1. Of all residues in the range 85-124 being closer than 20 Å to LEU45 by Cβ and of a type in the set (Gly, Ala, Ser), which is surrounded by the most Cβ atoms within 10 Å (Cβ to Cβ)?
2. Looking only at the range 242-249, decide whether some residue is open to solvent by 60 Å² or more (accessible area, probe 1.4 Å), over 19 Å from ASN29 (Cβ atoms) and at pLDDT below 85.
3. Hey, among ASN62, ASN118, which residue is without any contact (Cβ under 8 Å) to a residue 60 or more places away in the chain and at positive phi?
4. Suppose the filter is at negative phi, open to solvent by 10 Å² or more (accessible area, probe 1.4 Å) and under 22 Å from the mean Cα position of the chain (by Cα); does SER480 pass it?
5. What number goes with the only condition from (1) open to solvent by 50 Å² or more (accessible area, probe 1.4 Å); (2) farther than 27 Å from LEU423 by Cβ; (3) at pLDDT 80 or above that ILE310 does not pass?
6. Go through the range 125-153 residue by residue and tally those that are open to solvent by 60 Å² or more (accessible area, probe 1.4 Å) and closer than 20 Å to SER83 by Cβ.
7. Test ILE33 against the stated conditions and say whether it is open to solvent by less than 20 Å² (accessible area, probe 1.4 Å), within 24 Å of TYR456 (Cβ to Cβ), at pLDDT 90 or above and of a type outside the set (S, T, N, Q).
8. For residues that are part of a helix (DSSP H, G or I) and out of contact with any Pro (no Cβ under 6 Å at 6 or more places or on another chain), scanning just the range 169-179, find the one that is most open to solvent (accessible area, probe 1.4 Å).
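The values are calculated or read from the model by the stated rules, or taken from the named source; none is laboratory data. Fair warning: this is a prediction, and the values are worked out from it, not measured in the lab. Neighbour counts run over all protein chains shown; Cβ positions are idealised from the backbone, glycine included. For accessibility, only protein heavy atoms count, side chains too; no ligands or nucleic acids. Shrake-Rupley method; radii C 1.70, N 1.55, O 1.52, S 1.80 Å.
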Amino acid sequence: MSQKDNQVATKNAATIDEALEKAHFGLFNIQIILFSGVVLNNIVLESVGISFALPVVACDLNLSYQQQGVLGAICFLGIIASSHFWGLLADTQGRKRTMKPTLLLAFIVTLISSFSVNFEMIVILRFLNGIFISAASATIYAYMGEFHCSKHRNNAILWGSLIAAFSAIFFPIIAWIFINQTWSFEIPLLGITYRPWRLYFVICGIPGFICGILFKFLPESPKYLLGMDRPSEALDILKYMHHKNTKGKNKLKNDVYEITSLVADLDTPIRKLKNSTNIKSLGALWIMIWDQTAPLFMSQHIRKTVLGSIILFITFFSAHGVYMWFPYILNNVMLYVEQSQEPRYLCDMLRYTQSSNFSTMQDHSMNSCVTKLEISTYTHTLVLELIYVSLLLCVIYANRKFDRVRILFIILGATGVCGILSLLTTVPLLAIYLFVIMLCCGLGTSVMNTILVDIYPTNLRAMAVCISLMLGRIGSVVGSNALGALIETHCEEALYSSAISLIIAGCLGLLMPKPAKSLKDAEIIESGTQ
């Protein structure tokens, strides 16, 4: 190769981040964000949507309160149990190759679960559903972020989260529309009556089925391909992105994509393949798991792995664990307001309603089998979702102006303070609204995911996010069970510990490291054959 050719090749070489920036932000990126938002929406629908149908399911399948609790949490257990495995596959086999089949399998399991004949069958199927949706629950953040340069990556992930949060507003409405239908028909072969709640399950799974089909038309992450030493494929995708983003734009229509080779950097090192795509034995699988996991807990990454996991554990503890008891707290406070005007603290109101004689009302509710849902039951849930979406819009705006670590500190610190204040006021409605703001600590999860995607290299990113979210979701299970055990006997201790933990998590967020800068002088990998 002549000296002139070498100069041209060097001039047209770029890191993956620079190459993504040259591809511009446009229609292709918007499509990826919309798609990812729907995937996130599907995960929430599949895992949380069942909570709206639990009273009706319990009536139809004769479930006890304990069985209802198991059914409500079993999907999260499936997600937790399989997160590590899916993180491994996403980092070694590909983001698209991991998510596409699992989205379709999750819908198939959901469809079958709608024909459940007893408690054991529905629990097993919901557990399997959790395993399959787990593949996309963390991987989608890596996939979405890797189509954007550092300039746009954080906002892209937040906008994807906003789409999922906005669609969550319609959860109660969808449940009310489908579950409150009166039709039914017998299926003698299975010995069941197919009622509206069974169709509601299928409706919750449809977005995942659609996304699984649409995945056929979307490319693999170019960052992943480069990390797997497949630069020519990565460049083909970058050129396609550039074509789609500049097509029809007068300002950019004459813009030519001049990048011909990619430069390895700290964010996307070239992986030295060790049969990573060929699992021939159980021993080889364990070696691959070790090779993919061990670096996260070694000197270079252990600090961010531990900090990220602790912060997400605390956030999920309140955002999901405490949230599970929000209807209980709300109903008891409203019941207290109807019966008494005496000022009391939140926990005192809960104790009062439990100790007072409401036996007539309780006996009536226990003796009547729930076959429909009252829309008024979900009014406050709608308010909570609207507040959450509004605050997430504020976070997206703040992300353009301020450092994300500070945003995380403000979110967790402010929600923790509101949680403490909700226990110190004697005004019932004010206590509820402060408590609602505390539950918005889930905003910290979206911000934390943008940080995690940035601070890990491409070859470890999916595994890192999966492990952090796995440990975080353990917090949701612990929070739900801990609050259930303590809320009647040690209410103050349970709720104060949750609020104070959020403040501590916000302070820990200040210790998170900043993303490493790219090594622009790393080796150049030619896009074509040498």
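1. Filtering the range 85-124 for residues that are closer than 20 Å to LEU45 by Cβ and of a type in the set (Gly, Ala, Ser), the one surrounded by the most Cβ atoms within 10 Å (Cβ to Cβ) comes out as ALA106.
2. Going through the range 242-249, the residues open to solvent by 60 Å² or more (accessible area, probe 1.4 Å) turn out to be 243, 247-249.
Now narrow it down to the ones that are over 19 Å from ASN29 (Cβ atoms): none.
Checked the range 242-249: no residue is open to solvent by 60 Å² or more (accessible area, probe 1.4 Å), over 19 Å from ASN29 (Cβ atoms) and at pLDDT below 85.
3. Numbers: ASN118 fails: at positive phi.
Answer to the selection: ASN62.
4. Details: at negative phi: yes; open to solvent by 10 Å² or more (accessible area, probe 1.4 Å): yes; under 22 Å from the mean Cα position of the chain (by Cα): yes.
Answer is yes for this residue.
5. Of everything listed in (1) open to solvent by 50 Å² or more (accessible area, probe 1.4 Å); (2) farther than 27 Å from LEU423 by Cβ; (3) at pLDDT 80 or above, ILE310 misses just condition (2).
6. 2
7. Numbers: open to solvent by less than 20 Å² (accessible area, probe 1.4 Å): yes; within 24 Å of TYR456 (Cβ to Cβ): yes; at pLDDT 90 or above: yes; of a type outside the set (S, T, N, Q): yes.
When the stated conditions are applied, ILE33 passes them.
8. Step one: list which residues in the range 169-179 are part of a helix (DSSP H, G or I), which gives 171-179.
Filter again for out of contact with any Pro (no Cβ under 6 Å at 6 or more places or on another chain), leaving 171-177.
Details: PHE171: 11, PRO172: 1, ILE173: 62, ILE174: 52, ALA175: 0, TRP176: 101, ILE177: 80 Å².
Within the range 169-179, the match that is most open to solvent (accessible area, probe 1.4 Å) is TRP176.
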